[in-house]
């Protein structure tokens, strides 16, 4: 299994396919498995670098505070270790925040940028809302944390990093050509918050079927098609 020592942690990653390099960054509590529906569709024309972020999957899960900037630095370090000077980057949900930070901090490293089911502003979580149920309630049920193997402290560190992130000031700094993907039935990230990412100069927005998770789980063909068309276009 491939691991890379990056800064203070060891990151797990997978390489699949051949072609221009594309980094795939999963969301809160997720790992490489999140993209199982789209990896076979994208790998035919691209070299995919799919990784488990700090705190999830098979990557290290240090105690203490995490930040989106720290996780973006992890990605930059991994690409440096792999000898990849420039790559397309696709971030999903929390992974989109990491991708946005990476593109702002390392413009020479990011060729084209895809931000899916994500937002730049901190979320507003209301009791009894769908987001409250998905992010604040279900993950705290002990049995669920045992199923995916992520310790509760690591999930909480990721959750706080994502919830405290405000990337609105970063939008004008992004120079990468950017595609924003919004799920029509996303109840976790409001559509208006995703649309706000159009503050990135020259970015474009597309709506796809599905909700926050079903966009990638059930509508992988539509998602992969939109990504491929954007990455391979002129």
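Read the figures in this text as sums done on the coordinates, not as results from a lab. No experiment lies behind these values; they were computed from the predicted model shown. Don't worry about glycine lacking a Cβ; one is built from the backbone with ideal geometry, like all the others, and counts go over all protein chains shown.
How would you order 69-80, 47-58 from highest to lowest mean count of nearby Cβ atoms within 10 Å?
Top of the packing list down: 47-58, 69-80.
First check a/c for the chain, with a ≥ b ≥ c the square roots of the eigenvalues of its C-alpha gyration tensor; if it is under 1.5, answer rounded, and if not, answer prolate when a/b is larger than b/c or oblate otherwise.
The shape class here is rounded.
Say each of residue 85 and residue 3 gets a label point 7 Å from the Cα, pointing the same way as Cα to Cβ; how far apart are those two points in nm?
With each label placed 7 Å out from Cα toward Cβ, I get 3.1 nm.
How much length is gained on full extension from residue 108 to residue 234, taking 0.36 nm per residue of separation minus their Cα-Cα distance?
Details: separation 126, 0.36 × 126 = 45.36 nm, distance 1.89 nm.
Here the segment from residue 108 to residue 234 would lengthen by 43.5 nm.
Provide 196, 18 in ascending order of the number of other Cβ atoms located within 10 Å of each residue's Cβ, fewest first.
Placing the least packed residue first, the sequence is 18, 196.
Would you mind ranking 153, 92 so that the residue whose beta carbon has the fewest other beta carbons within 10 Å leads the list?
Ascending Cβ contact count within 10 Å gives the list 153, 92.
With the cut-off at 1.5 for a/c, could you classify region 33-124 from its C-alpha gyration tensor as rounded, prolate or oblate? Could the numbers behind the result be given before it?
On the way: a/c = 1.26, a/b = 1.24, b/c = 1.02.
The shape class here is rounded.
In percent, how large is the relative contact order of region 3-232, given Cα pairs closer than 8 Å and 6 or more residues apart? Show your work: numbers first, answer last.
Numbers: 476 pairs, mean separation 47.4, N = 230.
Result for region 3-232 is 21 percent.
With a Förster radius of 41 Å, plug the Cβ-Cβ distance of residue 67 and residue 206 into 1/(1 + (r/R0)^6) and report the FRET value to the nearest 0.05.
After rounding to 0.05, the efficiency reads 0.90.
As a test of the formula, what do you get for the chain when each DSSP H run with n ≥ 4 contributes -39,500 (n - 2.57) and the sum is divided by the residue count, at 222 nm and rounded to the nearest 500 deg cm²/dmol?
Helix-only estimate at 222 nm: -9000 deg cm²/dmol.
May I ask for the distance between the Cα centers of region 53-68 and region 186-219, given as a whole number of Å?
Between the Cα centres of region 53-68 and region 186-219 lies a distance of 25 Å.
Once fully extended, how much extra length lies between residue 41 and residue 192, figured as 0.36 nm per residue of separation less the alpha-carbon to alpha-carbon distance?
Values: separation 151, 0.36 × 151 = 54.36 nm, distance 2.90 nm.
Value of the extension gain: 51.5 nm.
Say each of residue 218 and residue 156 gets a label point 7 Å from the Cα, pointing the same way as Cα to Cβ; how far apart are those two points in nm?
3.3
Pulled fully out, how much extra length does the chain show between residue 15 and residue 168, if you take 0.36 nm times their separation in residues and subtract their Cα-Cα distance?
51.9 nm
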